[in-house]
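Peer 1: Here it is, the structure in full.
Read the figures in this text as sums done on the coordinates, not as results from a lab. The shown structure was predicted, so the numbers you read here are calculated from the model rather than taken from an experiment. Here the Cβ is made from the backbone with ideal geometry for all residues, glycine too, and neighbour counts use every protein chain on show.
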Amino acid sequence: MGQGIFVITEQREGAFRKVSYEALSEGRRLADSKQSRLTAIILGSGADALAAPLEKYGPDTVLTADDASLAEYTTDAYTTVIAEAVKKQNPELIIIGASIIGKDLSARLAARLDAGLAMDCVAIRIENNEFIFTRPIYGGKILSEVKVEGTPKIVAIRPNVFSIAEAPRSTTSEKLAVSPGPAKTKVVEKKLESAEKIELTEADVIISGGRGTGGKFELIEELAKALNGAVGASRTAVDEGWRPHSDQVGQTGKVVSPILYIACGISGAIQHLAGMSTSKYIVAINKDAEAPIFQKADYGVVGDLFQVLPAIINEVKKLK
Amino acid sequence: MEIVVLVKQVPDTESLIQIAGDGISIKTDDLKWVVNPYDEFAVEEALRIKEAKGGTVTIISMGPAKTVEAIRTALAMGADKGIHISDPAAEGSDSLGIAKLLAAAVKKIPFDLIIAGMRAVDGDNYQVASGVAELLGIPQITQVIKQEISDKKIRCHQVVEGGIAVVEADLPVLFTAQRGLNEPRYASLPGIMKAKKKLLETKTAADLGVDPQVVGTKNRKVKITSLKLPPARKSVTMIKGEDPANLAADLIKKLHEEAKVI
């Protein structure tokens, strides 16, 4: 029977992903109700110097694995280092942000430790001293509640869902021994978009376009910029070649949970709805008053998006 | 090049999913079953590699009797042979259990490369492929949109947040297919006819030497306690009117003052 909670953080050049703060905040909440300890783990080259920004989210201990071989994320090295730490400290629960890297890592780690993993969870609660994890399946058409048998239990949490809460306390630091072994994969190049581009899965606001745009996304991009949001697309818009695959929202694309999702010229195919139905507020703009998207929306506008969007952009600018 | 593709049969993504009476499974009677869309990319990529470099493509899938349809579909696309892991005692396994079965099946045949979909669109677990790679002790490269193989080395373009990472590894490797890798072909009529004659073996957990204590519903580490429908949304507030300027003003007012989201 393990004790304590591990949070595996994720950072790129010293900047932590937002989901790492979400994982720490949730970890603190669970550790408090279990009266157990929260440990944050940082891996990377120069990781020892990165603990400070994590402290205000309340870890009791920050463990750092600082080694040149960990400068870039590689599945095997990260799995090996974390698995060693887990075997030494025997935590009850390991929380990992379900980013792309987090999904890759958590799945490999679960197999390495022969542990149960609840992937891409949107809620965690404790019932009779047991963790119950809620995870969307079938692209969000169904919510599955699961328990994980044995320890450690691993949970990967969906980005943008859990709230961030500051809970500063005195934090101790420890260094992890690092012996990742020979590298099985090597990152030879990275092609990253500018840091200004907001990742769909982390965006607070998403403006999406579908068939109704006819491929013209200029107004959608302009509104996204005005609201500091990201641009998404329906499968049709991607299949037509109007937008890159990485913009696709839906059961066969990205599953997103922004605060505000504005669907423009999207009729609302069931597989699209599955990918955005956990958004806090959904606005639908469509010419067709019968479009199924309106049944999932909080606010609906029946109209021509090429007339309505410029007026909306105008109103948003007035607010600023 | 010996290529193995891991395939899962899933409900079509346009399906309405309903919860069964037991509260922990779904109603399967009226569903249309298809090859997991991400696995189609995996099959297509395997066929392209085979066409360029020669070799064989073996499809491995686990599931009930109807899973044969998914394997036949991949054979009709051009894969050479299939292995169907079919065992009532292994039904209901979780991701790790399935990974153990698939890895055991792969171990019995030669392989240089394993390709799988980056996730199955039913369970959304993103786990089975990584589990297979770990159990076989080979590198994994997930969410790949481009690959090149030369001299027993693979170079993959992997989707990461905010861009692409180019990752290299020595074969054998397992990689998972992300949308954008290719455009899968349709099975041709001659392909469908030929598929009927291709070798399709059926294996049980015992055939594969997998301990019955690690598979099946009762040995799940991740236990489903209940399935629920997502909470219903409040009914939609339609913004009324004809004039775009008034519609926009009304909508933004509601988002700003009522929802307080902008």
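Peer 1: Taking a cut-off of 23 Å, what percent of all Cα-Cα pairs in the stretch B:76-197 are separated by more than that?
Peer 2: Values: 2991 of 7381 pairs.
Percent of Cα pairs beyond 23 Å in the stretch B:76-197: 41.
Peer 1: Projected onto the charge dipole of the stretch A:236-288 (+1 at Lys/Arg Cβ, -1 at Asp/Glu Cβ, origin at the Cα centre), which of A:PRO244, A:SER267, A:ILE282 gives the Cα projection farthest towards the positive end?
Peer 2: Positive-most Cα among the choices belongs to A:ILE282.
Peer 1: So for the protein assembly as shown: antiparallel DSSP bridges make up what percent, rounded to the nearest 5? Please report the intermediate quantities before stating the final value.
Peer 2: Details: 43 of 119 bridges.
Roughly 35 percent of the beta bridges in the protein assembly as shown run antiparallel, per DSSP.
Peer 1: Ok, one more. Taking a ≥ b ≥ c as the square roots of the Cα gyration tensor eigenvalues, with a/c under 1.5 meaning rounded and otherwise prolate when a/b beats b/c, else oblate, which class fits chain A? Don't jump to the answer; show the numbers that get you there.
Peer 2: Details: a/c = 2.11, a/b = 1.83, b/c = 1.15.
Prolate shape, in that a/c is at least 1.5 and a/b is the bigger ratio.
Peer 1: Further question: Efficiency by 1/(1 + (r/R0)^6): what FRET value for B:LEU229 and A:ASP239, r their Cβ-Cβ distance, R0 = 35 Å, to the nearest 0.05?
Peer 2: Values: r = 29 Å, r/R0 = 0.82.
Computed FRET efficiency for B:LEU229 and A:ASP239: 0.75.
Peer 1: Rounded, prolate or oblate: which one fits the stretch A:97-140, using the alpha carbon gyration tensor with axes a ≥ b ≥ c (rounded when a/c is under 1.5, else prolate when a/b beats b/c, else oblate)? It would help to have the intermediate numbers written out before the result.
Peer 2: Working: a/c = 2.29, a/b = 1.27, b/c = 1.80.
Oblate, since a/c reaches 1.5 and b/c is not below a/b.
Peer 1: Nothing charged except the Cβ atoms of Lys and Arg (+1) and of Asp and Glu (-1): what's the magnitude of the dipole of the stretch A:177-320 about its Cα centre? Round to the nearest 20 debye. Kindly include the intermediate steps, with their values, before the conclusion.
Peer 2: Working: 17 positive and 17 negative charges, 75 e Å.
Using Cβ point charges on Lys, Arg, Asp and Glu, the stretch A:177-320 gives about 360 debye.
Peer 1: Right, another one. Please order A:THR171, B:THR142 by the number of other Cβ within 10 Å, starting at the fewest.
Peer 2: On the way: A:THR171 19, B:THR142 29.
Ascending number of Cβ neighbours within 10 Å: A:THR171, B:THR142.
Peer 1: What's the average, rounded to a whole number, of partner chain beta-carbon atoms within 10 Å of each residue's beta-carbon in B:128-139?
Peer 2: Working: counts 2, 3, 13, 7, 1, 6, 11, 3, 0, 2, 2, 8.
The mean count of partner-chain Cβ atoms within 10 Å per residue comes to 5.
Peer 1: If you take the C-alpha gyration tensor of chain B, multiply each eigenvalue by 5 and take the square root, what semi-axes do you get, largest first, in whole Å? Mind showing how you got there, number by number?
Peer 2: Values: eigenvalues 285, 123, 74 Å².
After diagonalising the Cα gyration tensor, the semi-axes are 38, 25, 19 Å.
Peer 1: Mind sorting B:ASP29, A:ASP247, A:ASP204, B:ASP12 by how few other Cβ atoms lie within 10 Å of their own Cβ, fewest first? Provide the component values of the computation, followed by the final result.
Peer 2: Values: B:ASP29 6, A:ASP247 21, A:ASP204 18, B:ASP12 13.
Least crowded to most crowded, the residues run B:ASP29, B:ASP12, A:ASP204, A:ASP247.
Peer 1: Taking the Cα centre of the protein assembly as shown as the origin and placing charges on Cβ (Lys, Arg +1; Asp, Glu -1), which of A:LEU319, A:ILE132, A:GLN89 is farthest toward the positive end of the dipole?
Peer 2: Of the candidates, A:ILE132 comes out farthest on the positive side.
Peer 1: What shape does the stretch A:196-259 take by its C-alpha gyration tensor, where a ≥ b ≥ c are the square roots of the eigenvalues and a/c under 1.5 counts as rounded, a/b above b/c as prolate, and the rest as oblate?
Peer 2: On the way: a/c = 2.00, a/b = 1.18, b/c = 1.69.
It comes out oblate by the Cα gyration axes.
Peer 1: Among the listed pairs A:LYS191/B:LYS153; A:LYS254/B:LYS81; A:LYS34/A:LYS190, give every one whose C-alpha distance is greater than 29 Å.
Peer 2: Details: A:LYS191/B:LYS153 21 Å; A:LYS254/B:LYS81 33 Å; A:LYS34/A:LYS190 41 Å.
Over 29 Å apart, Cα to Cα: A:LYS254/B:LYS81; A:LYS34/A:LYS190.
Peer 1: Moving to a separate point now. Within 10 Å of each residue's Cβ, count the other Cβ atoms and sort A:LEU50, A:LEU227, B:LEU229 from fewest upward. Don't skip to the end; give the middle numbers.
Peer 2: On the way: A:LEU50 19, A:LEU227 23, B:LEU229 11.
Placing the least packed residue first, the sequence is B:LEU229, A:LEU50, A:LEU227.
Peer 1: Which pairs in the list B:LYS146/B:LYS221; B:LYS108/B:LYS223; A:LYS197/A:LYS320; A:LYS153/B:LYS223 are over 23 Å apart, alpha-carbon to alpha-carbon?
Peer 2: Flagged as over cut-off: B:LYS146/B:LYS221; B:LYS108/B:LYS223.
Peer 1: Got a sec to turn the phi values of the stretch B:58-71 into Karplus ³J(HN,Hα) couplings, 6.51 cos²θ - 1.76 cosθ + 1.60 with θ = phi - 60°, whole Hz, x for Gly and Pro?
Peer 2: Couplings: 10, 9, 10, 9, 10, x, x, 3, 5, 4, 3, 4, 5, 5 Hz.
Peer 1: Next question, about the same structure. Nearest 20 debye, what's the magnitude of the dipole of the stretch B:40-94 about its Cα centre given +1 on Lys and Arg Cβ and -1 on Asp and Glu Cβ?
Peer 2: Working: 6 positive and 9 negative charges, 55 e Å.
In total the dipole reaches around 260 debye.
Peer 1: Same structure, new question: Please figure out what share of the DSSP beta bridges in chain B is antiparallel and state it in percent, rounded to the nearest 5. Before the final figure, lay out each step's value.
Peer 2: Details: 18 of 45 bridges.
Bridges in chain B that DSSP calls antiparallel: roughly 40 percent.
Peer 1: Can I ask one more? Calculate the dipole size of chain B relative to its Cα centre from +1 charges on Lys and Arg beta carbons and -1 charges on Asp and Glu beta carbons; express the result in debye to the nearest 20.
Peer 2: On the way: 35 positive and 34 negative charges, 78 e Å.
The calculation lands at about 380 debye.
Peer 1: Tell me what chain A gives for mean residue ellipticity at 222 nm when only DSSP H runs of n ≥ 4 count, each as -39,500 (n - 2.57), the sum divided by the residue total, rounded to 500 deg cm²/dmol. Don't jump to the answer; show the numbers that get you there.
Peer 2: Working: 9 runs with 90 residues, N = 320.
Mean residue ellipticity, 222 nm, calculated: -8500 deg cm²/dmol.
Peer 1: I'd like the distance separating the alpha-carbon centroids of the stretch B:146-219 and the stretch B:220-262, in whole Å.
Peer 2: Centre-to-centre distance over Cα atoms comes out at 39 Å.
Peer 1: Within the set of other residues whose C-beta is less than 12 Å from the C-beta of B:VAL34, count the net charge using Lys and Arg as +1 and Asp and Glu as -1.
Peer 2: Numbers: positive: B:LYS8, B:LYS32, B:LYS66; negative: B:ASP12, B:GLU14, B:ASP39, B:GLU40, B:GLU69, B:ASP122.
Cβ neighbours under 12 Å give a net charge of -3.
Peer 1: Now for a separate question. Of B:ILE145, B:ALA169, B:ALA187, which is farthest along the charge dipole of the stretch B:137-196 in the positive direction, counting Lys and Arg as +1 and Asp and Glu as -1 at C-beta?
Peer 2: The Cα lying farthest towards the positive end belongs to B:ALA187.
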